[in-house]
1. Modelled with pLDDT under 95 and of a type in the set (Val, Ile, Thr), is that true of Thr190?
2. Could you please give the count of residues in the range 204-233 that are under 24 Å from Gln188 (Cα atoms) and not aliphatic (A, V, I, L, M)?
3. Just to be sure before I move on: is Asp119 of a type outside the set (Lys, Arg) and farther than 23 Å from Gly23 by Cα in the structure I sent?
4. Considering only the range 237-250, state which residues are charged (D, E, K, R) and either surrounded by 19 or more Cβ atoms within 10 Å (Cβ to Cβ) or modelled with pLDDT of 95 or more (or both).
5. Of all residues in the range 2-58, count the ones that are acidic (Asp, Glu), under 30 Å from Pro194 (Cα atoms), surrounded by fewer than 24 Cβ atoms within 10 Å (Cβ to Cβ) and at pLDDT 95 or above.
6. So which pairs qualify, if the first residue must be in the range 226-254 and under 16 Å from Thr31 (Cβ atoms), the second must be surrounded by fewer than 16 Cβ atoms within 10 Å (Cβ to Cβ) and not hydroxyl-bearing (Ser, Thr, Tyr), the Cβ gap must be under 7 Å, and the two must be at least 6 apart or on different chains?
7. Which residues, taken from the range 94-123, are in a loop (DSSP other than H, G, I, E, B), surrounded by fewer than 18 Cβ atoms within 10 Å (Cβ to Cβ) and of a type in the set (Val, Ile, Thr)?
8. When the range 226-254 is examined, which residues are found to be of a type in the set (S, T, N, Q) and out of contact with any Gly (no Cβ under 8 Å at 6 or more places or on another chain)?
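The values are calculated or read from the model by the stated rules, or taken from the named source; none is laboratory data. Since this is a predicted model, take the numbers as computed values, not measurements. All Cβ positions, even for glycine, are placed from backbone atoms using ideal geometry, and neighbour counts span all protein chains on display.
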Amino acid sequence: MEEALFPDSKASALTRRLRALRGVLFDKDGTLFDFHASWRPVMERAARIAAGGQPDLAAALLRAGGYDSSSKTFQADSIIAAGHTGQLAEIWHSLGAVMDRDTLQRRLDTLFSEEGPRDAVPVTDLPCLFTRLAERGLALGIATNDGQEAAQATVRRFGLEEMLCFVAGYDSGHGSKPEPGMALAFCQATGLSPHQVAMIGDNDHDMTSARVANLGLCIGVLSGTGDRSTLQDKADVVLEDIAGLLNLLETAHV
């Protein structure tokens, strides 16, 4: 994004913060991966399991989670889009899921770790992007409200292990977003100060987590469930997707 798109004062402040960056913490789904394409088939299977194969109940569970069957998309900041498995299991159990909450959470976590990586659709060539970012001296990490096992399985599937120094899920012991724990754990793991780190995500949970952790930059992307109206109040800049990060850094001569 060109500085000319900003008022001079905002462009100058953005440039200073970009030049201070030494680490980038990515949300996973909706940021590294197209949320709707990746999660629609997995969530449909999850709802069928929770509903014991009852079509009407499965449809009701998906609606409650934030799925719009008419557009085949997930609503911004809904439980499916931004929450974690425990929260989803709690809601689905309250609506009549055929198993108790804890069993359902375990079944969902297993499903997501086994089938989520298989169905994940990257928004760009992730190894290429991560290599170019690492060549700029940036430490890279992932903070997701998906489970740790699912996150690690996805990292392995796309060959990103050597490029990441931090991967955390909602069950990694740092709390879940919008809490700041994962962001602060990334700072601790890399030895970076919060002002040297940018969080990149597609929903309000990501932006709030970054703000509460006092990270240097909040970058929103439009490859997930959020849009400009849901991101612009908390994001310092909004990109179409993470591929635009390189241009943003080049603009600031990072």
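1. No, not satisfied.
2. 10
3. So Asp119 passes the test.
4. Answer for the range 237-250, where residues must be charged (D, E, K, R) and either surrounded by 19 or more Cβ atoms within 10 Å (Cβ to Cβ) or modelled with pLDDT of 95 or more (or both): Glu240, Asp241.
5. Selection size over the range 2-58: 1.
6. Going by the 7 Å Cβ cut-off, the qualifying pairs are Val238/Arg228; Val238/Gln232; Leu246/Arg132.
7. Correct list: Val98, Val121.
8. Ser229, Thr230, Asn247, Thr251
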